[in-house]
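Note sheet for the following structure.
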Amino acid sequence: PRKQQLMTNLRTGKNYLRNQDPEKALVEFKAAFDLAETLGDHVEEKKAARGLGASLQRLGKYKEAIKYHSKVLEISKRMGEDSGSTEAYGAIADCYTELGELEKAGKFYDKYIARLQND
Amino acid sequence: PRKQQLMTNLRTGKNYLRNQDPEKALVEFKAAFDLAETLGDHVEEKKAARGLGASLQRLGKYKEAIKYHSKVLEISKRMGEDSGSTEAYGAIADCYTELGELEKAGKFYDKYIARLQND
Amino acid sequence: LETVPTIKKLRSYADRIRAAELEKCFQKIGEDALTKKIRRAVDDLSNGIVNKLLHGPLQHLRCDGSDSRTLDETLENMHALNRMFSLDT
Amino acid sequence: LETVPTIKKLRSYADRIRAAELEKCFQKIGEDALTKKIRRAVDDLSNGIVNKLLHGPLQHLRCDGSDSRTLDETLENMHALNRMFSLDT
């Protein structure tokens, strides 16, 4: 039932994000993230972290967004499964660009670009 | 049964084309084209013409390829249904480029480019 | 007119990528689940993305060259595209 | 470093196209036929095409600028991309 709740939160969050409502999306993804952490479900935790990052980014909260996009990378590393990593590198770089930290942005774009030809 | 034969020819032609065998593809598409003409089936006639154009192009027979790609445009106009037209304009331009007729190629690329933002 | 071959090369560059990714996608979906409708929708998707992405660059290879600034810019665009997509090799 | 904002703009330009085409594709397939596997395969397809198409241009915005020719070229690439994708507006 908690797993089901988690999946519902993720789905609802994605819908809010698609419908340009990042505030409501944020709430759903945060709930999903906490649930996934409790359940130790790293696959869904990663999706929730990505959603949190994307929502915060839309709200202009770039520093917090970086935190969650980095979480995606961290979970990938821990799981030895790197789906979503390319996009996470790109998103972190976008956030640093918005913050005017172009040097850091460039470093993350390099990692992003190096991965673009992979699948 | 003839319609079924026609569909088989089209499918086989596409497979040959995908597997880099334009000569065998050509035979299939020609059979399909003749059948479609006999049956008056313009939807499939268009697919066959496109396949013929693509096969001839791969074989370096650019003038003949232009003939069949133009057939696609002609059928589209007659049917008032323009699926495949963007690609036909582009393919005709590619053929003229190969033939060194850059002026004509440019004219067809213009039509192709003007349609790229449509669906 | 010098830009015409670049248009052809960029088109075929993009089409190779499109065809390869399409093939992979169809394999992932699998023969059984791949209905005609899905095949059509996915094919349209791949064409839509490529066409809309190429629209800007291709348009900027086809300025009429009536004034020299435009012609210069068009040639600069061509050189940049040749470099960026390695179209000369 | 001047090229960093262009990278961001080009990325989001491409992503808007990708998202719009993806939405259209999913609608064409229809809620009922759209299994998780298909959604995943089609999503991968759209990312694959965009990523592979952007690879060249983005790579050519990130030269290390150690010699001046490379830096000049990188800036030319940036100007051309800004023009061709209307990224300044």
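Odds and ends about this structure:
- Some residue of segment D:54-77 being closer than 17 Å to A:ARG18 by Cβ and not charged (D, E, K, R): no
- Members of segment B:11-31 that are away from chain C (no Cβ under 14 Å) and either of a type outside the set (Gly, Ala, Ser) or in contact (Cβ under 8 Å) with a residue 60 or more places away in the chain (or both): B:THR12, B:TYR16, B:ASP21, B:PRO22, B:GLU23, B:LYS24, B:LEU26, B:VAL27, B:GLU28, B:PHE29, B:LYS30
- Counting only residues that are out of contact with any helix residue (DSSP H, G or I) (no Cβ under 7 Å at 6 or more places or on another chain) and within 17 Å of C:GLN59 (Cβ to Cβ), segment B:85-117 holds 3 of them.
- Residue within segment B:64-73 that is in contact (Cβ under 8 Å) with a residue 12 or more places away in the chain and small (Gly, Ala, Ser) present: yes
- A:GLY100 passes every criterion in (1) touching a Leu at 6+ places or on another chain (Cβ under 6 Å); (2) not in a helix (DSSP H, G or I) apart from (1).
Residue-by-condition table, conditions (1) surrounded by fewer than 18 Cβ atoms within 10 Å (Cβ to Cβ); (2) farther than 30 Å from D:THR35 by Cα; (3) in contact with a strand residue (DSSP E or B) (Cβ under 9 Å, 6 or more places away or on another chain); (4) at the interface with chain D (Cβ under 9 Å from one of its Cβ atoms):
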position	(1), (2), (3), (4)
C:VAL4	no, yes, no, no
C:ILE7	no, yes, no, no
C:ARG11	no, yes, no, no
C:LYS28	yes, no, no, yes
C:ASP43	yes, no, no, no
C:CYS63	yes, yes, no, no
C:THR70	yes, yes, no, no
C:LEU81	no, yes, no, yes
C:SER86	yes, yes, no, yes
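- Of all the residues in segment A:1-10, those that are free of Cβ contacts under 8 Å to residues at least 12 places away in the same chain and loosely packed, with under 12 Cβ neighbours inside 10 Å number 2.
- Sole exception among (1) among the basic types (Lys, Arg); (2) at pLDDT 90 or above; (3) touching a Phe, Trp or Tyr at 6+ places or on another chain (Cβ under 7 Å) for C:ARG83, by number: (3)
- Selection from segment B:74-91 of residues that are in a helix (DSSP H, G or I) and closer than 15 Å to B:ALA114 by Cα: B:SER85, B:THR86, B:GLU87, B:ALA88, B:TYR89, B:GLY90, B:ALA91
- Residue, surrounded by the most Cβ atoms within 10 Å (Cβ to Cβ), within segment B:99-119, restricted to residues that are in contact with a Lys or Arg (Cβ under 8 Å, 6 or more places away or on another chain) and within 20 Å of B:LYS61 (Cα to Cα): B:TYR109
- The residues listed here are B:GLY60, B:GLY53; of these, the one that is modelled with pLDDT of 95 or more and in a loop (DSSP other than H, G, I, E, B) is B:GLY60.
The values are calculated or read from the model by the stated rules, or taken from the named source; none is laboratory data. Treat the numbers as computed from the prediction; the structure is a model and nothing was measured. Backbone-built Cβ (ideal geometry, glycine too); neighbour counts: all protein chains shown.
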